[in-house]
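Below is one structure; the comments refer to it alone.
The values are calculated or read from the model by the stated rules, or taken from the named source; none is laboratory data. From a predicted model like this one, the values you see are computed outputs, not experimental measurements. All Cβ positions, even for glycine, are placed from backbone atoms using ideal geometry, and neighbour counts span all protein chains on display. Areas reflect the complete protein model, heavy atoms only, side chains present, ligands, DNA and RNA absent. Shrake-Rupley method; radii C 1.70, N 1.55, O 1.52, S 1.80 Å.
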Amino acid sequence: MVAFAGNLNNDFEITWGDGRANIINNGELLTLSLDKASGSGFQSKNEYLFGKIDMQVKLVAGNSAGTVTAYYLSSKGSTWDEIDFEFLGNLSGDPYILHTNVFSQGKGNREQQFYLWFDPTADFHTYSITWNPQRIIFSVDGTPIREFKNSESIGVPFPKNQPMRIYSSLWNADNWATRGGLVKTDWTQAPFTASYRNFNAEACIWSSGASSCASASTSSASSSWLSQELDTTGQERLTWVQKNYMIYNYCTDTKRFPQGFPPECRTN
């Protein structure tokens, strides 16, 4: 069991962007930028198999239409697992859309989208993924916004065998990101910048085919996330978010699923 925070140089490496991504302030701050030539991205040095992952992010301010800031966990291969936060930019004054998805064994199409109850460009906010064998919980500033439960008992694969890295990127997606691609990126506003700080992971690190949790004595105190579920307060907050801020849920999209909703919709 490993818990750490601090110098982002210890945990992440810049993977693309030709100098558009930087770790600065003695490792306290990571910035990604996007201009007409290229976006940028980074990934974690470690792979994880279950954990509670927190990152504070401040999104592109002003007219961010056409841009996407993606922050996600993913494994490799054709039957990959993935747990997604994607932030879809918008015109100045219009709200960001927080897009979430879960892939298991290469199958996704499990989108839920939300507005946020604050301006995510004005300050840093904490975006968290709690991933254990029973469920995945997406949270914003400690408030759960989505829960994806393990539904293997009804034949739905669940991400539990493939270690995942953390990835993040800032890129141009104006062919679909804002109003279905109607609003294009305004390059006169470039460069666009997103900032990251205060990464924290209480997680099982996967290395050389073994988990760091397998050998450690995982006391309930140190690994509460490993069996975490939503308590009554958490359920109430989840319901509040989904009632007031959810703008799309695949589990209610009858046009998309005329033959009936996917089986996990019964438990999620």
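Specify the residue that is most open to solvent (accessible area, probe 1.4 Å); the eligible residues are those in segment 77-101 that are at pLDDT 95 or above and farther than 22 Å from Tyr196 by Cβ. Per the criteria, the residue is Ser78.
I'd like the full set of residues that are among the hydrophobic types (A, V, I, L, M, F, W, C), under 22 Å from Thr130 (Cβ atoms) and open to solvent by less than 50 Å² (accessible area, probe 1.4 Å), limited to segment 164-216. Hits for segment 164-216 are Met164, Ile166, Phe199, Ala201, Ala203, Cys204, Ile205, Cys213, Ala216. For Leu238, indicate whether it is open to solvent by less than 60 Å² (accessible area, probe 1.4 Å), part of a helix (DSSP H, G or I) and closer than 16 Å to Glu147 by Cα. In short, yes.
Within the set Thr254, Thr193, Thr188, the sole residue that is more than 19 Å from the chain's Cα centre (by Cα), more than 19 Å from Lys149 (Cβ to Cβ) and not in a helix (DSSP H, G or I) turns out to be Thr254. On the stretch given as segment 110-163, residues that are in contact with a Pro (Cβ under 8 Å, 6 or more places away or on another chain), open to solvent by 50 Å² or more (accessible area, probe 1.4 Å) and not aromatic (Phe, Trp, Tyr) total 3.
Give the residue that is least open to solvent (accessible area, probe 1.4 Å), with candidates limited to residues of segment 244-264 that are out of contact with any Ser or Thr (no Cβ under 7 Å at 6 or more places or on another chain) and within 30 Å of Glu202 (Cβ to Cβ).
Taking the candidates together, the pick is Tyr250.
When restricted to residues that are of a type in the set (S, T, N, Q), touching a residue at least 24 places away in the same chain (Cβ under 8 Å) and part of a loop (DSSP other than H, G, I, E, B), segment 119-160 contains 4.
Whenever a residue of segment 19-48 is farther than 24 Å from Ala61 by Cβ and open to solvent by 10 Å² or more (accessible area, probe 1.4 Å), its partners that are assigned to a loop (DSSP other than H, G, I, E, B) and not polar (S, T, N, Q), lying with C-beta atoms within less than 7 angstrom and at least six residues away or across chains, give the pairs Glu47/Pro163. So, Gln228, is that one touching a residue at least 12 places away in the same chain (Cβ under 8 Å) and over 30 Å from Gly93 (Cα atoms) or not? Spelling it out, Gln228 is indeed touching a residue at least 12 places away in the same chain (Cβ under 8 Å) and over 30 Å from Gly93 (Cα atoms).
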